[in-house]
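Visitor: Let me begin by handing over the structure; questions about it come next.
The values are calculated or read from the model by the stated rules, or taken from the named source; none is laboratory data. All values derive from a computational prediction rather than experimental measurement. Positions of Cβ are generated from backbone atoms using ideal geometry, with glycine treated the same way; all protein chains shown enter the neighbour counts.
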Amino acid sequence: MASGNDSIKKTITVALSLCLVCSIFVAAAAVGLKPIQEANKDLDRKRNILSAAGMLDPNKSIDEVFSTVEKRLVNLDTGAFATQAELDAAGLNVDTYLQKAAAGDPALSIALSGDNDPASIKRRAKFATVYLVKAGESIDRIIVPVHGYGLWSTMYGFMALENDFSTVIGFGFYDQAETPGLGGEVDNPNWKAQWKGKEVYNAQGEAVIHLVKGSVDSANPDAAHQIDGLSGATLTSRGVTNLVKYWLGDDGFGPFLAKLRKEGV
């Protein structure tokens, strides 16, 4: 019996030691790989921004092309670029600001509910990041982040606009978990290609771009503001419409883009 007891103890000791060693290796790998993971996430974000803006160049690195993009913060409450005084008062830095994290901070965001939250985002950061591509002192194109809830997930993407701040250059999501083959078709290149050349605003300056049920009728006077709906994905289609209208509307970037159309940089 004593020999049997010793064998069990040895087995348990070996098992625990193995678990401890494996845990140390896993923890060390996680810590060691974190900088690489963060760098890859940053590179993927840049790639998606450039893709929306139609700026990907197979002959240049992502960082090389992205070096021509200027990052700015917008005060969504004033509809203007954030001043340095505003950033200092809020303790923010353009280079390190994370809009998603700010949306979870009551001091840096506002709560939304009901009709004030058509995109179902719960909270909206007071400051939002925009990306500018300039031609001299003028803005050649602008890329804005958008997000909102679909059927199963919050979808995060970027929309790029021409220098009239209404015509879409490109649009795409970089993070979503909608149903593959249905709502997941938001990643389909053919569907994303439909956005190019569409108009966000009508003559009154209202954000009217939206997905339709079925296919867009080119003879429809509103066709310039319409994109084909996602077949079999009504709720995802509705979510895309809601998030685009919200972020390009009066409670999002709408006042800021209207000011750019009127006053320029």
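Visitor: For region 1-37, which positions are under 24 Å from the mean Cα position of the chain (by Cα) and at pLDDT 75 or above?
Guide: Restricting attention to region 1-37, the residues satisfying the condition of being under 24 Å from the mean Cα position of the chain (by Cα) are 34-37.
Scanning region 1-37 gives a single hit, Ile36.
Visitor: Going by the conditions given, is Gly239 in contact with an Asp or Glu (Cβ under 7 Å, 6 or more places away or on another chain), within 30 Å of Asp105 (Cβ to Cβ), at pLDDT 95 or above and not polar (S, T, N, Q)?
Guide: On the way: in contact with an Asp or Glu (Cβ under 7 Å, 6 or more places away or on another chain): no; within 30 Å of Asp105 (Cβ to Cβ): yes; at pLDDT 95 or above: yes; not polar (S, T, N, Q): yes.
Judged against the criteria, Gly239 is not a match.
Visitor: Can you tell me how many residues within region 174-202 are in a helix (DSSP H, G or I) and surrounded by fewer than 17 Cβ atoms within 10 Å (Cβ to Cβ)?
Guide: The total comes to 4.
Visitor: Can you tell me which of (1) of a type outside the set (Asp, Glu); (2) crowded, with 17+ Cβ neighbours inside 10 Å; (3) part of a loop (DSSP other than H, G, I, E, B); (4) at pLDDT below 95 is the one Ala119 doesn't meet?
Guide: (4)
Visitor: Can you work out which of the residues in region 213-232 that are under 19 Å from Ala119 (Cβ atoms) and in contact with a helix residue (DSSP H, G or I) (Cβ under 9 Å, 6 or more places away or on another chain) is surrounded by the fewest Cβ atoms within 10 Å (Cβ to Cβ)?
Guide: Gly229
Visitor: Mind checking which residues of region 248-259 are under 17 Å from Arg141 (Cβ atoms) and either part of a loop (DSSP other than H, G, I, E, B) or in contact with a helix residue (DSSP H, G or I) (Cβ under 9 Å, 6 or more places away or on another chain) (or both)?
Guide: Selection gives Leu248, Phe253.
Visitor: A further question follows. Which condition does Leu132 not pass, out of (1) in contact with a strand residue (DSSP E or B) (Cβ under 7 Å, 6 or more places away or on another chain); (2) in a loop (DSSP other than H, G, I, E, B); (3) of a type in the set (A, V, I, L, M), if it passes all the others?
Guide: (2)
Visitor: So is Asp57 in contact with a helix residue (DSSP H, G or I) (Cβ under 9 Å, 6 or more places away or on another chain), under 25 Å from Ile169 (Cβ atoms) and among the acidic types (Asp, Glu) or not? Spell out the reasoning first.
Guide: Details: in contact with a helix residue (DSSP H, G or I) (Cβ under 9 Å, 6 or more places away or on another chain): yes; under 25 Å from Ile169 (Cβ atoms): yes; among the acidic types (Asp, Glu): yes.
Considered against the rule, which asks whether it is in contact with a helix residue (DSSP H, G or I) (Cβ under 9 Å, 6 or more places away or on another chain), under 25 Å from Ile169 (Cβ atoms) and among the acidic types (Asp, Glu), Asp57 comes out as yes.
Visitor: Among the residues in region 75-86, are any within 17 Å of the chain's Cα centre (by Cα), assigned to a loop (DSSP other than H, G, I, E, B) and under 16 Å from Val144 (Cα atoms)?
Guide: yes
Visitor: Consider only pairs whose beta carbons are under 6 Å apart and that are at least six residues apart or on different chains; among these, list those whose first residue lies in region 91-106 and is surrounded by 12 or more Cβ atoms within 10 Å (Cβ to Cβ) and whose second residue is assigned to a loop (DSSP other than H, G, I, E, B).
Guide: So the pair list comes out as Ala102/Leu108.
Quick grid of which residues meet (1) over 18 Å from the mean Cα position of the chain (by Cα); (2) assigned to a strand (DSSP E or B); (3) farther than 22 Å from Ile142 by Cα:
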position: Leu73; (1), (2), (3): no, yes, no
position: Asp88; (1), (2), (3): yes, no, yes
position: Asn93; (1), (2), (3): yes, no, no
position: Thr96; (1), (2), (3): no, no, no
position: Ala101; (1), (2), (3): no, no, yes
position: Asp115; (1), (2), (3): yes, no, yes
